[in-house]
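Everything below concerns the one structure shown next.
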Amino acid sequence: MSENHHASCLAFGQAVIGPPGSGKTTYCLGMQEFMSRIGRKVAVVNLDPANEGTPYQCAVDISELITLADVMDNLKLGPNGGLIYCMEYLEANFDWLQEKLAKLKGHYFLFDCPGQVELCTHHGALKNVFAQLAKWNFTLAAVHLVDSHYCTDPGKFISVLCTSLSTMLHVELPHVNVLSKMDLIEQYGKLAFNLDYYTEVMDLSYLVDHLAADPFFRNYRRLNEKLVEVIEDYSLVSFVPLNVQDKESMRRVMQAVDKANGYSFEDMEQRSLEALMSAAVGADFHFTSTLAVQEKYVQPQEKTVEQEAMEI
């Protein structure tokens, strides 16, 4: 088989994962609309049996095979156990999924996955689904969405970093971590550091110091230091900021994912993207860094002692 023919047989796409409420379904809707406007044929595959009334145009829906509500009613399982059962049922019925996907050749795929964290950190069912898709010549990148407001709480942010790292190691796909809902980032509090500190996951010792100011966490400083050491030793976790309603933000995420899964632009698509972005932002089309997001969504703040130390 020639190299060109093999490349033409590949199907590119994204496995959209993340905890409940992180914005996976909204992301799929926004990315479907964005990619369609630049001429990319997009098919959204709903793999979440708990998803009801999806807002996007769904090409394949797991609810045709199994639903969480039916499993809970018939097997008397809770929502977590029910979701695991549904994923294992999908594993046992790969022929159904293969038949559905075979009708969508030439499309770019968005897989809207369940939000149960265990499925991405240690249970094997979802990982096995991705492995099977790879055998069918799907080239996927995992897009892991995390609600950006966790940045406002040092303890929660360390937890998010641990979960993101665990997910990256378990899922075994090219990975793009995304801080979603950037327009709401300070809804629950002010950031202790500039945004790039969180997106680039810089020296986390400053975060541990900031956390130690809380009387509750002061007793767990040693534990937090060890967790931070694990994250920094792997040196894998970083984030791309996202506001689904911002076209430039969507472009940055799309290009990060395209780089991760190896999708290359066609000339026509590149021209369509340039035209779309030119119309969207006009003369202000200079948003190429986290600094732009910082200026747009994060309120100015006075420098803390930790920030001044970092600058020195």
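Structure notes:
- Candidates per chymotrypsin sites (Phe, Trp or Tyr not before Pro) in the stretch 217-251, loop by DSSP, up to 16 other Cβ within 10 Å: Y220
- Helix-only mean residue ellipticity at 222 nm for the chain, each DSSP H run of n ≥ 4 adding -39500 (n - 2.57), per residue, nearest 500: -15000 deg cm²/dmol
- Anisotropy class of the chain from Cα gyration tensor, a/c 1.5 cut: oblate
- For the pair M268 and L184, label points projected 7 Å from Cα toward Cβ lie 3.8 nm apart.
- Put the Cα centre of the stretch 67-81 next to the Cα centre of the stretch 157-213 and the gap is 33 Å.
- Highest mean packing first, where packing is the average number of other Cβ atoms within 10 Å per residue, the peptides 178-190, 52-64, 10-22 line up as 10-22, 178-190, 52-64.
- Greater than 30 Å apart at Cα, pairs in K105/K181; K226/K259; K24/K103; K127/K181; K135/K156; K190/K226: K105/K181; K226/K259; K135/K156
- Relative contact order for the chain: 22 percent, from Cα pairs under 8 Å spaced at least 6 residues apart, divided by residue count.
- Rel. contact order, % - alpha carbon contacts under 8 angstrom, at least six apart, the stretch 143-260: 35 percent
- Using a probe of 1.4 Å on the protein chains alone, the accessible area found for K156 is around 100 Å².
- Within-9-Å neighbourhood charge of K24 [Cβ basis; K, R +1; D, E -1]: -2
- Cα-based shape type of the stretch 166-213, given that a ≥ b ≥ c are square roots of the gyration tensor eigenvalues and the cut on a/c is 1.5: oblate
- Size of electric dipole in the stretch 162-234: Cβ of Lys, Arg +1 and of Asp, Glu -1, about Cα centre, debye, nearest 20: 340 debye
The values are calculated or read from the model by the stated rules, or taken from the named source; none is laboratory data. Only a predicted model underlies this, so the values are computations on that prediction, with no experimental measurement involved. Counting neighbours? That spans all protein chains shown, and the Cβs are built from the backbone with ideal geometry, glycine included. To get the accessible areas, we keep the full protein, side chains included, count just its heavy atoms, and leave off ligands, DNA and RNA. Shrake-Rupley method; radii C 1.70, N 1.55, O 1.52, S 1.80 Å.
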